[in-house]
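Have a look at the structure below, then the notes.
The values are calculated or read from the model by the stated rules, or taken from the named source; none is laboratory data. Since the model is a prediction, treat every value here as computed from it, not as a measurement. Ideal geometry is used to build each Cβ from the backbone, glycine not excepted, and the neighbour counts take in all protein chains shown.
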Amino acid sequence: MMKKILFLSFLLISAVAIHAQGYKVGDSATDFKLKNIDGKHISLADYKDAKGFVVIFTCNHCPYAVAYEDRIIDIDKKYKKKGFPVIAINPNDPAVVPGDSFEGMQKRAKEKAFTFPYLFDAKQEVYKNFGATKTPHVYILSKNGKDLKVEYIGTIDNNYKDASKVSTKYVEDAINSLLMNKKPEVTYTKAIGCSIKTKG
Amino acid sequence: MKMKILFSISLLIAISLTVKSQDFTTLNFKELEPTFHLQNDTTYVINFWAMWCKPCVEELPEFEYIRKSYENKKVKVLLVSLDFGAKVEERLSRFLTKKNINAEVVILDDPDANSWIGKVDDKWDGALPATVIYKKKQRKFFARKVTYSELAETIDNLNR
C-alpha cells in the first residue's frame with residue numbers, strides 16, 4: 001500500500017514537473033478565457049475563422065516589450081486578415097509591478113491604439129500553462145478544428161533595439177510558412193525579456 | 001589670480017571625475033564571450049541586469065556585498081548591463097553612484113539576443129536577471145534573483 005502511494009505521488013510530482021515546463025513545439029495548447037481591456041472575456045474558441053494565433057505574453061513596464069509594441073501592432077494588422085490575429089496577454093502581478101495593472105493596460109492600449117485584444121492573466125495560470133518566462137514571449141498556434149498546436153516559441157525578430165536593423169523576422173517567417181501549409185523552418189528561438197513578475 | 005587658478009584646477013578635476021565615472025566599456029557578445037571561459041584560478045561571478053529590471057536592482061547590493069567580502073580572495077564580480085536607449089552611460093553612472101555599487105560594469109549591446117543567450121548557458125531562456133558563477137570548467141547558473149548566501153555558498157563550493 002505504502003509503495004503504491006509513494007509511486008502515485010512520484011507520478012503526480014513528475015506530472016506537475018512536466019506541466020511546469022509548459023508547452024514545447026508540437027504540443028497541443030489548451031484554450032483559456034481571460035478578461036480583455038474592454039471588460040469582455042475572450043477565448044480562442046471565439047475566433048471561428050482563425051487559422052491560428054500569435055499569442056504574445058507582454059506587458060506595459062518592460063522596455064523590451066515597449067520596444068516591440070509597434071512591431072506587434074504591425075504583425076496584427078498584417079496577419080489578422082490572413083487568419084492569424086495577435087492575442088496579447090499580460091502575465092504580471094500588479095502587486096509586484098503597479099504599472100502592469102488592468103487600468104495600466106487599458107491606458108497603454110489606448111495610447112498606442114492596440115489593434116488586438118490585450119488580456120489580463122489575473123490568476124497567473126495561463127502563462128504557467130504555456131510555460132512563458134518573460135515579456136515579450138511569443139507562441140504561435142495553428143488551429144485544426146478544435147485542436148490548437150504550438151508551432152513556434154520564442155522571439156519576434158533578431159533586433160530588439162532597432163526595428164529598422166532587423167534581418168530575420170522569426171514570427172512573420174513562421175506564419176508565412178503556416179499559411180502555405182508548411183512547417184516553419186525555425187520553430188524555437190530564445191527571447192530576451194523581463195522575467196514574469198509574481199509574488200514569492 | 002590665485003583664486004582663478006584654483007577654480008580652474010578644481011573645475012578640471014570635477015570634469016575629469018565626471019568623465020571618468022561615465023566611462024563604461026560597451027561590448028557585443030563576441031567581445032564579451034571570452035570572459036565566460038577564462039581558465040585561471042579566479043572565480044567569476046557574472047550577472048546580467050538592467051536598471052529598469054526590478055528583481056535585478058533588488059539583488060545588486062548582494063553582488064556588491066560579495067565583491068567586498070571576497071575582496072582579498074580570487075573572486076571577480078562583473079555586472080553586465082543590458083540597458084539601452086538615450087544617454088545610457090550617463091544614466092548608469094548616476095544610478096551606480098546613487099546605489100553605491102562599485103563592482104565593474106560593462107554594457108552588452110548586442111540586439112540579436114537569440115544568437116547569444118544560449119552561449120551564456122544552455123539553461124538560460126533569456127529572462128532577466130541571470131547569473132553565471134564559474135571557476136575553470138566548473139559552473140553554476142541561476143535564471144532568477146539570487147541572495148548573498150546563495151552566491152557565497154556557490155563560490156565556496158567552487159573553491160573547496
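Just the residues that are among the aliphatic types (A, V, I, L, M) and crowded, with 17+ Cβ neighbours inside 10 Å, please, taken from the stretch A:147-163.
Keep residues of the stretch A:147-163 that are among the aliphatic types (A, V, I, L, M), which gives A:148, A:150, A:153, A:156, A:163.
Selection gives A:L148, A:V150, A:I153, A:I156.
Of all residues in the stretch B:112-139 being of a type outside the set (A, V, I, L, M), buried (at least 19 other Cβ atoms within 10 Å of the Cβ) and farther than 18 Å from A:P136 by Cα, which is nearest to the other protein chains (Cβ to nearest Cβ)?
B:T131
Evaluate the stretch A:108-121: report whether one residue or more is over 30 Å from B:V57 (Cβ atoms) and among the aliphatic types (A, V, I, L, M).
Residues of the stretch A:108-121 that are over 30 Å from B:V57 (Cβ atoms), as a first pass: A:113, A:115-117.
Then keep just the ones that are among the aliphatic types (A, V, I, L, M); that gives A:113.
The answer is yes, given that some residue of the stretch A:108-121 is over 30 Å from B:V57 (Cβ atoms) and among the aliphatic types (A, V, I, L, M).
Filter the stretch A:43-64 for residues that are in a loop (DSSP other than H, G, I, E, B) and within 14 Å of chain B (Cβ to nearest Cβ); which is nearest to A:T30 (Cα to Cα)?
Restricting attention to the stretch A:43-64, the residues satisfying the condition of being in a loop (DSSP other than H, G, I, E, B) are A:47-51, A:58-62.
Restricting the remaining residues to those that are within 14 Å of chain B (Cβ to nearest Cβ) gives A:58-62.
On the way: A:T58: 19, A:C59: 22, A:N60: 25, A:H61: 27, A:C62: 27 Å.
Once the filter is applied, the top-ranked residue is A:T58.
Of the residues in the stretch A:141-182, how many are within 13 Å of another protein chain (Cβ to nearest Cβ) and part of a strand (DSSP E or B)?
Matching residues across the stretch A:141-182 total 3.
For A:I72, state whether it is within 26 Å of A:T198 (Cβ to Cβ), in a strand (DSSP E or B) and out of contact with any Cys (no Cβ under 6 Å at 6 or more places or on another chain). Talk me through it step by step, then tell me what you get.
Working: within 26 Å of A:T198 (Cβ to Cβ): yes; in a strand (DSSP E or B): no; out of contact with any Cys (no Cβ under 6 Å at 6 or more places or on another chain): yes.
It is false that A:I72 is within 26 Å of A:T198 (Cβ to Cβ), in a strand (DSSP E or B) and out of contact with any Cys (no Cβ under 6 Å at 6 or more places or on another chain).
Out of the residues in the stretch A:81-127 that are within 14 Å of chain B (Cβ to nearest Cβ) and under 23 Å from A:K24 (Cβ atoms), state the one that is surrounded by the most Cβ atoms within 10 Å (Cβ to Cβ). Working first, answer last.
To start, the set of residues in the stretch A:81-127 that are within 14 Å of chain B (Cβ to nearest Cβ) comprises A:91-100, A:127.
Then keep just the ones that are under 23 Å from A:K24 (Cβ atoms); that gives A:91, A:127.
On the way: A:P91: 26, A:Y127: 23.
Here the answer is A:P91.
Would you mind finding the one in B:A86, B:A103 that is out of contact with any Pro (no Cβ under 6 Å at 6 or more places or on another chain) and over 18 Å from B:I155 (Cβ atoms)? First the steps, then the outcome.
On the way: B:A103 fails: over 18 Å from B:I155 (Cβ atoms).
None of the others qualify; the one that does is B:A86.
Name the single residue that is farthest from A:V96 (Cα to Cα) among those in the stretch A:183-198 being within 12 Å of chain B (Cβ to nearest Cβ) and in a loop (DSSP other than H, G, I, E, B).
Of the stretch A:183-198, the ones within 12 Å of chain B (Cβ to nearest Cβ) are A:186, A:188-198.
Next, only the ones that are in a loop (DSSP other than H, G, I, E, B) stay: A:186, A:189-192, A:196-198.
Details: A:V186: 34, A:T189: 28, A:K190: 25, A:A191: 22, A:I192: 20, A:I196: 10, A:K197: 6, A:T198: 7 Å.
Going through the qualifying residues, I end up with A:V186.
Taking B:A113 as meeting all but one of (1) out of contact with any helix residue (DSSP H, G or I) (no Cβ under 8 Å at 6 or more places or on another chain); (2) farther than 22 Å from A:K134 by Cβ; (3) small (G, A, S), write down the number of the exception.
(2)
Among the residues in the stretch B:116-131, are any assigned to a strand (DSSP E or B) and β-branched (V, I, T)? Lay out the reasoning, then the answer.
Quick first cut of the stretch B:116-131, residues assigned to a strand (DSSP E or B) only: B:127-128, B:130-131.
Now narrow it down to the ones that are β-branched (V, I, T): B:131.
Looking through the stretch B:116-131, at least one residue is assigned to a strand (DSSP E or B) and β-branched (V, I, T).
Hey, could you check the stretch B:48-75 for residues that are in a strand (DSSP E or B) and closer than 20 Å to B:W124 by Cα and say which is farthest from the other protein chains (Cβ to nearest Cβ)? Steps first, please.
Residues of the stretch B:48-75 that are in a strand (DSSP E or B), as a first pass: B:48-49, B:75.
If we keep only those that are closer than 20 Å to B:W124 by Cα as well, we get B:48-49.
Details: B:F48: 9, B:W49: 11 Å.
So, considering only residues that are in a strand (DSSP E or B) and closer than 20 Å to B:W124 by Cα, the one farthest from the other protein chains (Cβ to nearest Cβ) is B:W49.
Is it the case that B:N100 is modelled with pLDDT of 95 or more and facing chain A (nearest Cβ under 7 Å)?
Values: modelled with pLDDT of 95 or more: yes; facing chain A (nearest Cβ under 7 Å): no.
So B:N100 does not fit the description; no.
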